[in-house]
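Student: I'd like to ask you about the structure that follows.
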Amino acid sequence: MDHSDLTTEQVLRRDIPWETYMSTKLITGTGLQLLRRYDKKPENYKAQLLDDDGPSYIRVLISILRDIFKEETVEYVLALIDEMLTANPKRARLFHDTSLANEDTYEPFLRLLWKGNWFIQEKSCKILSLIVSARPKPQDAATANGASKSKELTTIDDVLKGLVEWLCTQLKKPSHPSRGIPTAISCLSTLLKEPVVRSSFVQADGVKLLVPLISPASSQQSIQLLYETCLCVWLLSYYEPAIEQLGASRALPHLIEVVKGSTKEKVVRVIVLTLRNLLQKGTFGALMIDLGLPQLVQSLKAQAWSDEDLLEALNQLEEGLKDNIKKLSSFDKYKQEVLLGHLDWSPMHKDPMFWRENITKFEENDFQILRVLITILDTSTDPRTLAVACFDLSQFIQYHPAGRIIVTNLKAKERVMKLMNHENPEVTKNALLCIQRLLLGAKYASFLQA
């Protein structure tokens, strides 16, 4: 059978020759006794054994994963632990019992993430995530489970960083075609509560891996994946470095697109809570207004939601958006339009007052907006955007005292020249105007245009 399609139930039907392992000294006599007492017994009987002496069984299972490398046996022990934790996730606390202080309980699972087949990887990830989440707080960061330092143990930071690395690898290149990504997202939606995980995930450039998964879902399976992805984004919306990456990776249009079409209350709630968190951050407020969120919030408020947190968050979002609309200057709107890379003939582009009042703002951040405009000439395929970008450059040349010199130094001329041969007449007309102003100066170019 293909290991990628194995289930815990199928694996637990195997008979493992524990006695053979004892005869080769891979397990102790005590270990064999415990395994015989536990293995193949009814669920309620096993539950009682774990209640009475759980850490002893954990020690035996960990020692097998550490010392025995036969694939069938490793799969079997992982299936036993998976079954145990699925029946009662609180049993993950057993791995942190003080009697296991000198056991490196994390190491076998961390190693198996990279060494095993898909069944082994998936179970190791799930078990490790549960164990990590169940550790006692506050945590002694120096050791695996806040215990003795008498020997070198895997630190919690090592575990979390190792997990993040594996999860990001799954998002980029899944080990299993249909289960790799859902498994990774499910674990992340639990682990991103951890500050170390947020930091490692952002450093690994993980945020942009989530964005393609934020898209309207239809099947129950895809709705759950969408919900858990949005849960990850919500957890990241509390972490400043992640917020910057959410902006750069264009997460916001994706979130708003999903809310427009989703009727699943839990999906709408987690996205609205995320939008509320992002509203006051950087240019998110202006972008939300540009993307029509005020109207969407009105529409959402008119629907019959039962969740009070969602209704409260919608009211807060509505008030915050109103405040933002009041504060938003015309240059903020312009800046937002340029940074989005989608330009249109809104009134400000041709308004002399706008250019006179805001021309010095183009100097901010080493002419950031001007540089983005010039980049748009290279990267955009939209004729309207290209035409408006050429026109805006010509406006900058006209209204800034050193406009021609600055635009020339930023190597814009070559890019605009290319567009003079564009198939779209609107683009060629505005590229020509820009070149005229660049070569002749604003006064003569305007005369020619007349």
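The values are calculated or read from the model by the stated rules, or taken from the named source; none is laboratory data. Predicted model, so just to flag it, every value in this text is computed and none were measured. We place every Cβ from the backbone using ideal geometry, glycine too, and count neighbours over all the protein chains shown. Keep in mind that these areas ignore ligands, DNA and RNA; they rest on the heavy atoms of the full protein, side chains included. Shrake-Rupley method; radii C 1.70, N 1.55, O 1.52, S 1.80 Å.
Student: To the nearest 10 degrees, how steep is helix 118-133 against the longest Cα principal axis of the chain, on a 0 to 90 scale?
Tutor: Rounded to the nearest ten degrees, it is 90.
Student: A follow-up question, please. What is the percent of Cα-Cα separations in region 170-253 that go past 17 Å?
Tutor: Details: 1484 of 3486 pairs.
Tail fraction, whole percent: 43.
Student: Right, next: Rounding to the nearest 20 debye, state how big the charge dipole of the chain is about its Cα centre with +1 on each Lys and Arg Cβ and -1 on each Asp and Glu Cβ. If you can, show how the numbers build up before the last one.
Tutor: Details: 55 positive and 55 negative charges, 175 e Å.
That gives the chain a dipole magnitude of about 840 debye.
Student: With runs of 4+ DSSP H residues as the only contributors, calculate the mean residue ellipticity of the chain at 222 nm using -39,500 (n - 2.57) per run, divided by the residue total and rounded to the nearest 500.
Tutor: Numbers: 26 runs with 306 residues, N = 450.
That calculation yields -21000 deg cm²/dmol at 222 nm.
Student: Semi-axes of the equivalent ellipsoid for region 29-104, please: Cα gyration tensor eigenvalues, times 5, square-rooted, ordered largest first, whole Å.
Tutor: Working: eigenvalues 58, 49, 33 Å².
The answer is 17, 16, 13 Å, longest axis first.
Student: Continuing with the same structure: Once both axes come from the Cα atoms, what is the angle between helix 251-261 and the longest principal axis of the chain, in degrees from 0 to 90, rounded to 10?
Tutor: The angle comes out at about 80 degrees.
Student: Add +1 for every Lys or Arg and -1 for every Asp or Glu among the other residues with Cβ under 13 Å from the Cβ of K266, and state the total. Working shown, then result.
Tutor: Working: positive: K264, R269; negative: E228, E265, D307, D309.
Net charge around K266: -2.
Student: Also, quick follow-up: With unit charges on the beta carbons (Lys and Arg positive, Asp and Glu negative) and the dipole taken about the Cα centre of the chain, which residue among Y227, F362, P42 sits farthest to the positive side?
Tutor: Looking along the dipole axis, the top candidate is F362.
Student: In nm², what is the average projected area of the convex hull enclosing the Cα atoms of region 247-339? It would help to have the intermediate numbers written out before the result.
Tutor: Values: hull surface 22.3 nm².
If you wrap the Cα atoms of region 247-339 in a convex hull and average its projections, you get 5.6 nm².
Student: Rounded to the nearest 10 Å², what accessible area does E240 show when all protein chains are kept and the probe is 1.4 Å?
Tutor: 100
Student: Using a 1.4 Å probe on the protein heavy atoms only, what accessible surface does T73 show? Give it in Å² to the nearest 10.
Tutor: In the full protein context, T73 sits at about 0 Å².
Student: Here's another thing I want to ask about it. What is the Rg over Rh value, at two decimals, for region 297-450, using alpha-carbon atoms and the Kirkwood definition of Rh? Provide the component values of the computation, followed by the final result.
Tutor: Working: Rg = 19.4 Å, Rh = 17.2 Å.
Looking at region 297-450, the ratio lands at 1.12.
Student: Keeping every protein chain in place, order D323, D39 by accessible area at 1.4 Å, biggest value first, i.e. largest first. Intermediate results must be reported in sequence, preceding the final value.
Tutor: Details: D323 70, D39 15 Å².
Descending accessible area places them as D323, D39.
Student: Tell me, what ³J(HN,Hα) does each residue in region 40-51 have, in order and in whole Hz, if you take phi through Karplus 6.51 cos²θ - 1.76 cosθ + 1.60 with θ = phi - 60° and put x for Gly and Pro?
Tutor: Those phi angles translate into 6, 9, x, 4, 5, 5, 5, 4, 5, 4, 5, 5 Hz.
Student: On average over all directions, what projected area in square nanometres does region 1-141 have, based on the convex hull of its Cα atoms?
Tutor: Working: hull surface 33.7 nm².
Mean orientational projected area (region 1-141, Cα hull): 8.4 nm².
Student: Let me ask another. Determine the share of the chain's accessible area contributed by carbon and sulfur atoms, expressed in whole percent, with a 1.4 angstrom probe.
Tutor: Values: 11210 of 21450 Å².
It is 52 percent, rounded to a whole number.
Student: Find the Cα radius of gyration of the chain, compare it with 2.2 N^0.38 Å by division, and give the number to two decimals. Present the calculation step by step, with values, prior to reporting the outcome.
Tutor: On the way: Rg = 29.5 Å, N = 450, 2.2 N^0.38 = 22.4 Å.
Its radius of gyration relative to the 2.2 N^0.38 Å reference: 1.32.
Student: Same structure, new question: Which one of P174, A184, V196 has its Cα pushed farthest toward the positive end of the charge dipole of region 145-259, where Lys and Arg give +1 and Asp and Glu give -1 at the Cβ?
Tutor: The listed residue farthest towards the positive side: P174.
Student: Taking only protein heavy atoms and a 1.4 Å probe, what accessible area per residue, in Å², does the chain have with all protein chains in place? List each step's numbers first, then the result.
Tutor: Working: 21450 Å² over 450 residues.
Per residue, the chain has an accessible area of 48 Å².
Student: Mind counting lysine pairs for me in region 346-450? Cα separation below 18 Å, and the two need to be 8 or more apart along the chain or on different chains.
Tutor: On the way: K350/K361; K350/K429; K350/K443; K413/K429; K418/K429; K429/K443.
For region 346-450, qualifying lysine pairs total 6.
Student: Once Lys and Arg get +1 and Asp and Glu get -1 on their Cβ, which of Q33, T20, N88 lies farthest toward the positive end of the dipole of the chain?
Tutor: Farthest towards the positive end: N88.
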